[in-house]
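Before any comments, here is the structure.
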Amino acid sequence: MVETKKIEIPVGGKIVTIETGKYAKSATSSVTVRCGDTMLFIHCCVSPEPRVGIDFFPLLIDYEERMSSIGRIPGGYNRSEGKASDKAILVSRLIDRPIRPLFPKGYRNDIQIVAQLFSYDQQNQPDTLAMLGASAALMLSGAPFEGPIGAVRVSKIDGQLIANPTHQEADKSNLDIVVAGTHDSVIMVEAGCKFVTEDEIMEAVEFAQVEIKKQCEAQLQFAQDCGVVREEFVNPYDTTELKNLINEVAHDMIFDAYHNFDRKYRQDKLDEAKKLVKEKVEALPEDHYIHKIIEETGIDFVAEEFKAAEKKIMRAMILDEGVRADGRKPNEVRPIWCEVGVIPRAHGSAVFTRGQTQILSVATLAGPGMKQELDGVDPETEKYYMHKYIFPGYSVGEVKPLRGPGRREVGHGNLAERANVPALPSQEEFGYTIRVTSDVLESNGSTSMGSTCGSSMALMNAGVPVKCMIGGVAMGMITEPGREPVVLTDIQGIEDFLGDMDFKVTGNDDGITALQMDMKAKGIANDTLRKALAQAKEGRLHILSKMREVITEPAKELSPYAPRIFTMTIPTEDIGTVIGPGGKNIRGIIEASGAEIDIQDDGRVTITSNDKEGADIARHMISQMTFKPVEGLVCKGKVVKIVQFGAFIELAPGKDGMVHISQVCKERIDTIEGKLNVGDIVTVKVIKIDDRGKVSLTIKGVTEEEAANCQ
């Protein structure tokens, strides 16, 4: 018999079960997580020895969604899941971000966590369950993980906060926030909102912490019940002597570099200091301890400890002097300049420059047929707004081949996308599919927030009737034990790299639309988080004011190069007629008009064309196919046959009516000859449709006003 152990954790009125001991027993640890009919297998493997020659913690997180979890076979030629979807990449990042800070410095054993979604009820969302399961698997692995963590999604329905809402509940809410943390502090926040206040964010975070604490306590008990003994990690390499050497040789030079606010001077001075340190190390005897540990591990301890010396000096400047590496005060934003309409043929474009970060955002409009089809397990199956973030090597002065987006690029692009979605018009108001690309031209901190700002201006320049302008700002934090934390507005690259927090907030003047917080420290106090939110609002308002110096409202007219959209409605029973057998009819319309045709299930037809003539051709052809005569209708028709008692008029292909000789002229005539000829286009009115569907028409009964209004 298989011996299993299981715990049950109540979350938001539902029970989450975590079970171990039954599956994947060759892994270091493995758990099954289930809530409702959503079930994941989460496996953890820890290498017994550290990896040689690396100077980072090799944590690998992979999240997989199987289409079989919703009873479907994947689309595409191979009918295979293929590469990870953007959604899977985002969930992998979501798992990674709160876990990575909770491993001790110097730990370099490979750890992989694989989270696999095998059953999905499309209600109980799997991402927070995967985060919880990853923490539980790590707790059972015995690795020196300084957790556990808990994770919970929070939404607000009818004024009530609820934990781990279903997809349907989250869609109704103006707040969708994921919070992860330990039993006493928050490590990560990820949110998409519809203009909520800072107080509402804090209310949700504090609500989540109650659930997180329960999850952490349950995992500790679970690990104890399973008899797990956590490894105590002690860094085997003592670099104290190297630290002292760097302090003796380079401290004053590093101090001077950071107190000169010219970026090039600082870099040159640091390079000079590094060179001196390396020369001193190389001059040490061959059997010296420093040489031994570098040779044994393949780790460049010199570069590692030099960076630590930089970090100490940079942080001391902020804590003791209130001065940052570029001379700014903690709440000061770098200089900003913007411009719009910079790309001649683009439908909308903008450049957003803040300090040494510069983004070019370009908006492209297309018909609804260009929407993105999502072949995933979530209920959402299509997207009409897409944002792509592109980070080339030249933006940081590096030689790097251009490749597809990595996990970081996918995450940054998604954040900027979520930031602008609440400001977009509905599909009914503005029927276009919209794609924005944000190319990073120069990078020195918070390119995702620059992309948010550039995207908002590009959309306005394109004439998209957005509800408001959206801005974003990245916040940082420097903290030391026993010291009051210092929150930094608009962090640059070095403050992100050497600081304790990366906290991005987007929104308009009144509310927040997206939020993302990652900690390098082991958590943040609620008071500090509240302060960061308030300071972020000040920074956001300043950035919005600079953006408004360039553009204040959407363009009144679309670009002449943008397609135009025309809509019409047809009876639902005629949809098949317009499409035709095997799509024959609609292909004929597209070929004749050059327009893009999209037909909804409710009979709404969208015609997208670069010229009005093509749209008119498409509308006319669809109208002809769906034409149904009704009494009183006035329309144009072609004379197709003359008979002794009247004439037959083609109202639409295959749909004729007859004008009796008595309805041709107001005066009495004995013959139609001379009055009508085959091929003539005449304006007629339907006066009767008999039980057999025969249509009687009149020419003389059409008034001058009716004739003038007939197209």
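The values are calculated or read from the model by the stated rules, or taken from the named source; none is laboratory data. Every value quoted in this text rests on a predicted model; they were computed, and no experiment measured them. We place every Cβ from the backbone using ideal geometry, glycine too, and count neighbours over all the protein chains shown.
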Report task. Name the residue, out of Thr513, Thr528, Thr569, that is of a type in the set (S, T, N, Q) and either touching a His at 6+ places or on another chain (Cβ under 7 Å) or not assigned by TED's automatic domain parsing to the domain that holds Tyr432 (or both). Result -> Thr569
Report summary line: Of the residues in region 525-538, those that are farther than 13 Å from Val486 by Cβ and either crowded, with 16+ Cβ neighbours inside 10 Å or not polar (S, T, N, Q) (or both) come to Ala525, Asp527, Leu529, Arg530, Leu533, Ala534, Ala536, Lys537, Glu538
Report task. Could you tell me which numbered condition Ser173 fails, if it satisfies all but one of (1) in contact (Cβ under 8 Å) with a residue 40 or more places away in the chain; (2) farther than 18 Å from Gln516 by Cα? Result -> (1)
Query raised in the report: Which residue, of Val362, Val377, is of a type in the set (Val, Ile, Thr) and outside any strand (DSSP E or B)?
Result: Val377
**Report entry** Pair list, Cβ < 6 Å and 6+ apart or interchain, from region 479-504 residues that are farther than 17 Å from Arg530 by Cβ and not assigned by TED's automatic domain parsing to the domain that holds Arg263 to residues that are basic (Lys, Arg) and not in a strand (DSSP E or B)
**Finding:** Asp490/Arg334; Leu498/Lys311
Report summary line: Log entry, pairs with first residue in region 535-562 being under 16 Å from Thr489 (Cβ atoms), second being in a helix (DSSP H, G or I) and not charged (D, E, K, R), beta carbons closer than 8 Å, six or more apart or on different chains, reads Ile543/Cys453
Query - All positions within region 368-395 that are closer than 19 Å to Thr437 by Cβ, modelled with pLDDT under 90 and touching a Gly at 6+ places or on another chain (Cβ under 9 Å) - result: none
Report task. Return yes or no: is Ala562 surrounded by 14 or more Cβ atoms within 10 Å (Cβ to Cβ) and out of contact with any Ser or Thr (no Cβ under 8 Å at 6 or more places or on another chain)? Result -> yes
Query raised in the report: Residues of region 442-477 being within 24 Å of Arg328 (Cα to Cα), surrounded by fewer than 24 Cβ atoms within 10 Å (Cβ to Cβ) and not small (Gly, Ala, Ser), which ones?
Result: Glu442, Asn444
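Conditions (1) of a type outside the set (Lys, Arg); (2) at pLDDT below 85; (3) within 34 Å of the chain's Cα centre (by Cα), marked per residue:
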residue: Gly576; (1), (2), (3): yes, no, no
residue: Pro581; (1), (2), (3): yes, no, no
residue: Lys584; (1), (2), (3): no, no, no
residue: Gly588; (1), (2), (3): yes, no, no
residue: Ser593; (1), (2), (3): yes, no, no
residue: Ile597; (1), (2), (3): yes, no, yes
residue: Lys612; (1), (2), (3): no, yes, no
Report task. Looking for whichever is touching a residue at least 40 places away in the same chain (Cβ under 8 Å), over 17 Å from Gln219 (Cβ atoms) and over 24 Å from the mean Cα position of the chain (by Cα) here; the options are Tyr120, Tyr107. Which one fits? Result -> Tyr107
**Report entry** Residue that is of a type in the set (Lys, Arg), farther than 18 Å from Asp55 by Cα and either at pLDDT 90 or above or assigned by TED's automatic domain parsing to the domain that holds Phe56 (or both), where the choices are Arg263, Arg315
**Finding:** Arg315
Query raised in the report: Would it be correct to say that Ala170 is small (Gly, Ala, Ser) and within 14 Å of Leu132 (Cβ to Cβ)?
Result: no
Report summary line: Residues of region 11-39 being farther than 15 Å from Leu140 by Cβ and touching a helix residue (DSSP H, G or I) at 6+ places or on another chain (Cβ under 9 Å), in sequence order, are Val11, Gly12, Val16, Arg34, Cys35, Thr38, Met39
Query raised in the report: List pairs: first in region 44-58 and touching a residue at least 24 places away in the same chain (Cβ under 8 Å) and in the same structural domain as Ile99 (by TED's automatic domain parsing), second surrounded by 14 or more Cβ atoms within 10 Å (Cβ to Cβ) and β-branched (Val, Ile, Thr), Cβ under 6 Å, 6+ apart or cross-chain?
Result: Cys44/Thr28; Cys44/Ile113; Cys45/Thr28; Val46/Thr28; Val46/Ile111; Asp55/Ile299
Report task. Say whether the condition of being at pLDDT 95 or above, in a loop (DSSP other than H, G, I, E, B) and under 22 Å from the mean Cα position of the chain (by Cα) is met by at least one residue in region 343-351. Result -> yes
